[in-house]
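Down below is the structure, laid out as structure tokens.
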Amino acid sequence: MKVMVVGSGGREHAIVKSLKKSSEIDTLYVLPGNGGMAQDAVCVPEIGAKDIDGIVAFAKENGIDFAVVAPDDPLVLGAVDALEEIGVPCFGPRKNAAIIEGSKVFSKNLMKKYNIPTAAYEVFTETDAALQYLQTAPMPAVIKADGLALGKGVIIAENLQDAQAAVKDMMDGGKFGESGRRVVIEEFLTGPEVSVLAFTDGKSMKPMVSSMDHKRAHDGDEGLNTGGMGTVAPNPYYTEEIAKVCMETIFLPTMEAMNAEGRTFKGCLYFGLMLTPKGPKVIEYNCRFGDPETQVVLPLLESDLFTVFRAVAEEKLEETEVRFADGHACCVIMASNGYPEAYKSGFAITCDDGLNAEVFYAGAKLDGEGILRTAGGRVLGVTATAEKLSDAIALAYENVEKIHFENAYCRKDIGARALAAGR
Ligand code: AMP
Ligand code: GLY
């Protein structure tokens with residue numbers, strides 16, 4: 001079988017490494033991929049993840065048997081619809097279902113209509129109305145751009161002044177472009193956050209092991225929001241009892257709501273949850289695997305990933321086993337110092353002998369001489385697995401010490417909160 005994966009980050013590298021274990025796959029392509037993945041798949045750097053025409057033409061020319069579309073942009077743009085049109089089966093939702101991430105207004109209205117627990121909210125298309133509403137809104141207020149904004153379209157405003165500035169920046173100032181012309185203003189929730197990725201084919205839902213992201217740039221959850229500086233799995237706050245409540249009040253109702261809307265979701269549905277004092281609530285949906293959640297979830301997967309992907313495409317998930325190991329995983333992101341703001345790149349990446357962890361490359365590029373160099377904010381993730389969380393964390397950091405590039409930065413406390421939660 002010839003399989004292609006669309007995307008270029010650490011998440012895609014983790015998907016590629018998992019798929020590589022499948023005996024059914026002869027050739028694995030990744031469009032565009034990155035230099036760090038070159039040993040694991042055939043990278044096609046000239047075709048970007050948003051180049052739908054290029055992706056379709058490549059699939060046709062190379063006789064691709066199955067495609068995995070991993071990032072939000074091509075999913076929201078309809079890559080799966082376009083590939084299915086030429087007869088290529090895919091893992092990933094069609095455009096009409098990817099809207100669950102593509103529009104926060106859509107997802108909030110869906111949750112309201114189907115009684116799925118989430119923060120109370122209002123939608124605004126006019127700046128004046130939004131500013132008026134803020135006058136009496138409780139603070140902090142959470143202001144969200146409607147559309148995709150590279151995970152940066154959420155502002156938590158502590159006071160009225162900051163909230164007004166955020167609304168003006170998004171709605172009038174063009175911050176986040178068209179994505180911010182419409183905004184959602186919602187209630188500020190508190191509680192531990194949990195990420196749950198779930199396979200679904202529209203008929204059944206099989207959640208993967210839970211995880212905990214570390215979104216802020218610095219230790220102690222200080223600094224700016226990033227794409228994610230590290231993850232651990234499972235998430236100790238997500239008990240079996242809570243998982244049951246989530247299945248009944250959130251996961252299955254979401255699947256059924258999408259079916260009822262004529263927008264059957266097939267693929268990986270990502271539930272960003274907050275365990276509030278009033279029970280678990282949805283903070284956000286994503287229409288794809290999370291990054292860097294995937295880098296801790298897939299290393300714990302014992303079932304064959306390709307078998308699961310194909311079962312989802314063929315709507316046979318119910319009878320397909322999705323099994324995870326009992327242990328723990330920790331992923332530490334090594335970034336370019338300065339990320340998520342300005343940083344320098346182009347530095348050679350070297351690894352000492354004797355790595356005993358997985359390395360998933362993201363912002364890395366091979367130069368003309370075949371030397372791997374830094375080429376992005378998040379450069380790579382180091383994932384270790386162990387029976388105990390404390391051992392997984394220690395092993396991940398031990399391996400971080402064996403990887404070198406100038407200007408490297410990582411958080412030193414990935415997993416510390418999970419460990420302190422002590423479950
Ligand atoms: P998102 O980009 O939707 O993942 O939001 C980024 C982060 O903002 C989340 O991980 C939460 O920590 C925080 N956040 C989003 N919505 C809320 C809310 N209603 N209450 C409190 N925190 C929130
Ligand atoms: N780690 C958060 C996300 O993938 O959106």
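The values are calculated or read from the model by the stated rules, or taken from the named source; none is laboratory data. Source: prediction; values computed, not measured. In this analysis, Cβ positions are derived from the backbone assuming ideal geometry, glycine residues included, and neighbour counts consider all displayed protein chains. Ligands, DNA and RNA are stripped out before the accessible areas are found, and what is left, the full protein with its side chains, is counted by its heavy atoms. Shrake-Rupley method; radii C 1.70, N 1.55, O 1.52, S 1.80 Å.
Summary of values
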| item | result |
| --- | --- |
| Radius 14 Å from Cβ of Lys203, net charge of other residues (Lys, Arg +1; Asp, Glu -1) | -3 |
| Restraint check, Lys95/Lys278; Lys144/Lys266; Lys2/Lys215; Lys95/Lys175; Lys21/Lys203; Lys2/Lys203, Cα-Cα greater than 29 Å | Lys95/Lys278; Lys2/Lys215 |
| Selection from Leu31, Asn115, Gly92, by position along the positive dipole direction of the stretch 25-127 (Cβ) | Asn115 |
| Separation in nanometres of the label points that stand 7 Å from Cα toward Cβ, at Glu256 and Phe106 | 2.2 |
| Whichever lysines have a C-alpha closer than 18 Å to that of Lys344, once near sequence neighbours (fewer than 8 apart) are set aside | Lys365 |
| Residue-span extension gain [Asn96 to Glu84] - 0.36 nm each, minus C-alpha spacing | 2.9 nm |
| Relative contact order, percent, the chain [alpha-carbon distance under 8 Å, six or more residues apart] | 16 |
| Estimated distance in nm for a label pair at Lys412 and Asp53, the labels positioned 7 Å out from Cα along Cα-to-Cβ | 5.2 |
| Phi to ³J(HN,Hα) by Karplus 6.51 cos²θ - 1.76 cosθ + 1.60 over the stretch 228-238, Hz, x for Gly, Pro | x, 9, x, 8, 10, 9, x, 8, x, 6, 8 |
| Cα centroid separation - the stretch 374-388 against the stretch 57-128, whole Å | 27 |
| Of Ala141, Ala79, Ala165, the one that fluctuates the most in a GNM where the chain has Cα springs shorter than 10 Å | Ala165 |
| Carbon/sulfur fraction of accessible area - the chain, other protein chains in place, 1.4 Å, % | 48 |
| Net lengthening on full extension, Lys152/Ala394 (0.36 nm per residue, minus Cα-Cα) | 84.1 nm |
| For the stretch 293-423, with +1 on Lys and Arg beta carbons and -1 on Asp and Glu, the positive-most of Gly377, Phe360, Leu298 along the dipole | Gly377 |
| Reduced Cα scattering model of the stretch 279-423, Debye log10 I(q)/I(0), q = 0.09 Å⁻¹ | -0.36 |
| Long-range HN-HN contacts of Thr226 with modeled amide H, under 5 Å | Arg216, Ala217 |
| Label point distance in nm, Glu122-Thr307, each placed 7 Å from Cα along Cα→Cβ | 5.3 |
| Equivalent-ellipsoid semi-axes of the chain, from the Cα gyration tensor, Å, largest first | 31, 26, 23 |
| Highest average packing first - 339-352, 254-267, Cβ atoms within 10 Å | 254-267, 339-352 |
| Most to least packed among 201-211, 387-397 [average Cβ atoms within 10 Å] | 201-211, 387-397 |
| For the chain, accessible area per residue (1.4 Å probe, heavy atoms of protein chains only), Å² | 42 |
